[in-house]
Every structure is written in structure tokens, then in C-alpha cells.
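Worksheet for the structure shown next.
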Amino acid sequence: MAVKGKSDKSGPVRALGAMSGTSMDGVDLAVIETDGVAVTGFGPTGYRAFDPAERAAIRAALGRWPSEAGVAEAARAVEEAHMAALAGFEGFDGVDVFGFHGQTLAHDPEGRRTHQAGDGARLAAGAGLVTVWDFRSNDVELGGQGAPLAPFYHWALARFVGETRPMAFLNLGGVGNITYVDPRVARPELPGACLAFDTGPANAPIDDLVQARLGMPYDRDGALTRAGRVDAETVAVFLDDVYFRRVPPKSLDRGGFPQLADWVAGMETADAVATLAACAAGAVSQAMEHLPARPARLLVTGGGRLNPGLMEMLEAALGRPVEPVEAAGLDGDALEAQAFAYLAVRVLRGLPTSAPGTTGVATAVGGGRVSRP
């Protein structure tokens with residue numbers, strides 16, 4: 001396949017990003033136009049679901065590190081799924097660079113290690129695109145949390161939609177994370193521009209429970225969340241964990257809080273799901289106490305925004321309106337993939353991808369490896 005685009009030209013470029021998150025549903029693709037600071041436009045998006053065998057291979061390797069059993073199989077599944085997604089994507093025209101996140105299998109920032117399965121060099125060769133990947137390792141090796149990495153893109157989006165007051169983006173994927181952004185600050189890596197951290201478990205415990213009990217990948221339309229009764233005592237014990245009192249930045253592995261599964265094991269399925277959703281909402285409420293000020297607007301992205309029961313719990317816990325990012329004209333299904341397209345351009349142009357306020361790293365640093373076809 002011929003190399004597409006020129007990643008070294010100046011000014012805005014078209015960048016393609018891919019994301020397969022902790023919910024393990026599939027591969028999102030999205031194109032944006034950016035110079036690595038401002039977002040100037042959006043391009044096509046795409047999605048390719050993991051097939052059952054791919055999902056099973058990835059799930060079997062969760063929590064494992066390179067060279068451990070099952071990891072090579074998971075990496076191949078990730079790579080093949082991405083290649084299939086790229087093969088079916090019709091938005092390649094004019095794309096200059098590809099940002100490939102890979103699939104997070106394990107994350108241990110305290111041990112200065114993180115593991116995203118998938119070889120970016122193979123994707124570069126197969127797609128014929130300059131590929132930026134392994135975004136988190138450098139930050140973790142330098143003492144940062146390695147997550148979340150979307151905050152700089154959130155800052156760019158706040159400016160794109162014309163916000164002039166501090167606001168927040170709440171991503172409810174497998175793990176929840178929040179970014180407080182001040183769009184008045186000139187660059188995302190500067191002090192005061194971004195504060196970001198993981199709020200706590202979000203969809204992952206719910207997804208795992210309904211998969212195990214009902215063979216469903218998630219709580220479709222929040223039906224179980226709305227039908228169940230919340231066990232307030234379980235939520236209170238959960239929120240008493242020391243994690244919620246830790247000063248950010250801070251991050252979690254998908255398998256954080258494994259005790260949640262035990263706590264809801266004896267409940268009816270709807271009650272268990274509702275209780276887990278209330279835990280996720282309560283964690284966000286706790287997180288708001290760490291923000292510098294009350295954000296003027298709270299936009300929700302990730303799969304959690306599609307669960308009406310969870311969104312209602314959020315509004316009740318926070319005592320304020322919350323909105324899906326679509327209310328600001330953004331695409332919540334594509335936002336994470338767009339973020340890694342944005343970060344890929346920053347890597348190529350030598351710009352930082354994380355900072356003390358986003359990952360706790362000592363100073364603003366860049367990350368990512370670059371593979372050329």
C-alpha cells in the first residue's frame with residue numbers, strides 16, 4: 001500500500017486516530033484537522049466491533065504484562081481488528097498521520113509501567129501511514145500516571161466550541177476520568193490549563209457483570225440501571241475508599257476495585273447494576289471536590305452518556321445539569337479516537353502530550369513512538 005500524506009508539512013494536517021478502550025467493544029476511527037494546538041475541523045469516523053474471538057483473547061489477557069501467557073494472542077487480536085477497521089474505512093483521503101493507542105491490558109504507574117497491546121510498526125506497514133503509538137510509557141517512566149491522556153484535546157475542544165469559562169469533560173468509559181479545562185490559558189501544557197484524573201470505576205464493573213450473568217456486552221439503554229434498587233450501604237462503603245481522598249492527578253487500572261464484584265454478587269441483577277452505576281456517579285461527585293472551581297459546564301462523553309439511568313444518577317449526585325458532548329456539537333462516539341489523532345500530531349511536532357496537571361509528571365513531557373511504513 002502506498003504511503004498516504006506527508007506528516008512533516010507545516011500548518012494543519014489531517015490526522016487519523018484509533019481507540020479501543022477499556023469497555024473492549026471495538027475500534028473507533030476518526031479524522032480531525034489540527035496543527036497540534038488548535039482543532040480546525042473534523043473528518044470521517046468509523047467503527048469496527050471486536051468479534052467474539054477477539055474480545056475473548058483480549059479479556060483473557062487483562063492484567064497481564066508482555067511475555068506473560070495470552071498476551072501475544074491478545075496483541076494479534078488487537079492488531080488484526082485494527083487492520084480490519086482500517087481496511088473498511090473510507091476516510092483515508094489526505095490523511096497524513098495515524099495515532100494508534102492500542103489496547104490497555106495492565107496499568108501500574110506506581111511501578112512505573114503500563115502495557116498497551118499492539119505493535120504500531122505493524123500498523124504503519126499495513127496502513128501505509130506514519131504511525132504514532134505507545135503514548136503512555138514515557139510519562140510513566142518519568143514518574144507520571146500515564147493517564148488520562150485526552151485532556152490536551154479537551155482543552156482544544158473547549159476553544160473550538162467557543163467556551164470562555166472553565167468547564168469540564170467527563171469521560172465515562174470502562175474507567176471514568178474528568179478534565180477541568182480553562183480555555184483562557186494559551187497552551188494546554190501551561191499551568192492552569194488542565195487538571196485531569198480518573199474518577200473511579202465507571203462502565204467496566206457493569207459490563208463485566210451483565211456479560212457474566214446475561215451474556216450481554218453492556219446495559220443497553222440503561223434498562224437494568226433504571227429497574228434496579230440501589231444498595232446505599234454498598235455505595236457508602238465504596239466511597240469511603242482512600243482513593244477518593246487522594247489529591248489528583250491519579251489514575252486507575254480497569255481492574256481497580258475488584259471487591260465491587262464481591263459486594264454485589266448476592267444481589268439481583270438489576271439491583272447489582274443500579275448499585276454499580278450509583279458507585280460510578282458517587283465517584284464523580286467525590287471528584288468534583290478536587291476541582292479548582294465549579295465548572296460552568298459539564299459535558300459527558302464515553303458510553304456512560306448513553307445510559308439514561310446513569311445520567312440521572314449523575315445529576316442527582318452532583319445537584320446540577322450534565323450534558324452529553326453532542327449538546328456542544330461534538331461526537332461522543334469518536335472523541336477518544338480524535339484525541340489520539342490530535343496527540344499524534346503533537347508528537348510529530350515535538351509538543352508535550354502530558355503535564356503536571358494531567359498525569360502528575362514533574363514537567364510537561366512528550367511521549368509516543370513513531371513508525372514509518
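The charge dipole of the stretch 75-209, taken about the Cα centre with unit charges on the Cβ atoms of Lys, Arg (+1) and Asp, Glu (-1), comes to about 360 debye, rounded to the nearest 20. Annotation note: GluC sites (Glu not before Pro) in the stretch 246-348 located in DSSP loop regions with a Cβ neighbour count of at most 14 within 10 Å are Glu268, Glu289. Overall, the anisotropy analysis places the stretch 261-373 in the prolate class: the square-rooted eigenvalues a ≥ b ≥ c of its C-alpha gyration tensor yield a/c not less than 1.5, with a/b exceeding b/c.
Between the beta carbons of Ala296 and Ala265, assuming R0 = 35 Å, the FRET efficiency works out to 0.30 to the nearest 0.05.
Compactness ratio for the stretch 165-219: Cα radius of gyration over 2.2 N^0.38 Å (N = residue count) comes to 1.58. Among the chymotrypsin sites (Phe, Trp or Tyr not before Pro) in the stretch 101-166, none is located in a DSSP loop while being surrounded by at most 12 other Cβ atoms within 10 Å of its own Cβ. Look at where the Cα atoms of the stretch 162-219 and of the stretch 236-274 average out, and the two centres are 16 Å apart.
Of the residues Trp263, Ala227, Leu123, the one whose Cα sits farthest toward the positive end of the charge dipole of the chain, with +1 on the Cβ of Lys and Arg and -1 on the Cβ of Asp and Glu, is Leu123. Pick from Asp108, Asp25, Asp93 the residue whose mean-square fluctuation is largest in a GNM of the chain, springs joining Cα atoms under 10 Å. Largest GNM mean-square fluctuation: Asp93. The radius of gyration of the Cα set in the chain, together with its Dmax, comes out at 19.3, 59 angstrom. Rounded to the nearest 0.05, the FRET efficiency derived from the C-beta distance between Val237 and Asp331 at R0 = 30 Å is 0.20. Counting only Cβ charges, +1 for Lys and Arg and -1 for Asp and Glu, the dipole size of the chain around its Cα centre is about 1020 debye.
Taking all protein chains into account, the per residue accessible area for the chain stands at 38 Å² (1.4 Å probe).
Defining a contact as two alpha carbons under 8 Å apart and six or more residues distant in sequence, what relative contact order in percent does the chain show? That works out to 23 percent.
Toward the positive end of the charge dipole of the stretch 300-347, with +1 on the Cβ of Lys and Arg and -1 on the Cβ of Asp and Glu, the farthest Cα among Gly309, Ala339, Pro321 is that of Ala339. Using a probe radius of 1.4 angstrom, the carbon and sulfur fraction of the accessible surface of the stretch 191-246 is 53%. Placing +1 on the Cβ of every Lys and Arg and -1 on the Cβ of every Asp and Glu, with nothing else charged, gives the stretch 308-353 a dipole about its Cα centre of roughly 400 debye. With the dipole of the stretch 42-156 worked out from charges on the C-beta (+1 for Lys and Arg, -1 for Asp and Glu) around the Cα centre, which of His107, Phe92, Tyr153 lies farthest toward the positive end? Final value for the positive-end residue is His107. A Cα-only calculation for the stretch 106-204 places Rg and Dmax at 15.5, 43 Å. Evaluated at q = 0.15, 0.16, 0.21, 0.25 Å⁻¹, the base-10 log of the normalised Debye intensity for the stretch 58-134, with identical point scatterers placed on the Cα atoms, takes the values -0.54, -0.61, -0.91, -1.14.
Indicate the gyration tensor shape class of the stretch 1-122 (rounded, prolate or oblate), computed on the Cα atoms with a ≥ b ≥ c the square roots of the eigenvalues: a/c under 1.5 is rounded; otherwise a/b larger than b/c is prolate and the rest oblate. Prolate, because a/c is 1.5 or more and a/b exceeds b/c.
Evaluate the relative contact order of the stretch 1-154 (contact order divided by residue number), counting alpha-carbon pairs under 8 angstrom at least 6 apart; express in whole percent. Dividing the mean separation by the residue count of the stretch 1-154 yields 25 percent.
The values are calculated or read from the model by the stated rules, or taken from the named source; none is laboratory data. Fair warning: this is a prediction, and the values are worked out from it, not measured in the lab. Note that each Cβ is placed from the backbone with ideal geometry, even for glycine, and that neighbours are counted across all protein chains shown. Accessible surface is based on the protein model in full, side chains and every heavy atom, while ligands, DNA and RNA are left aside. Shrake-Rupley method; radii C 1.70, N 1.55, O 1.52, S 1.80 Å.
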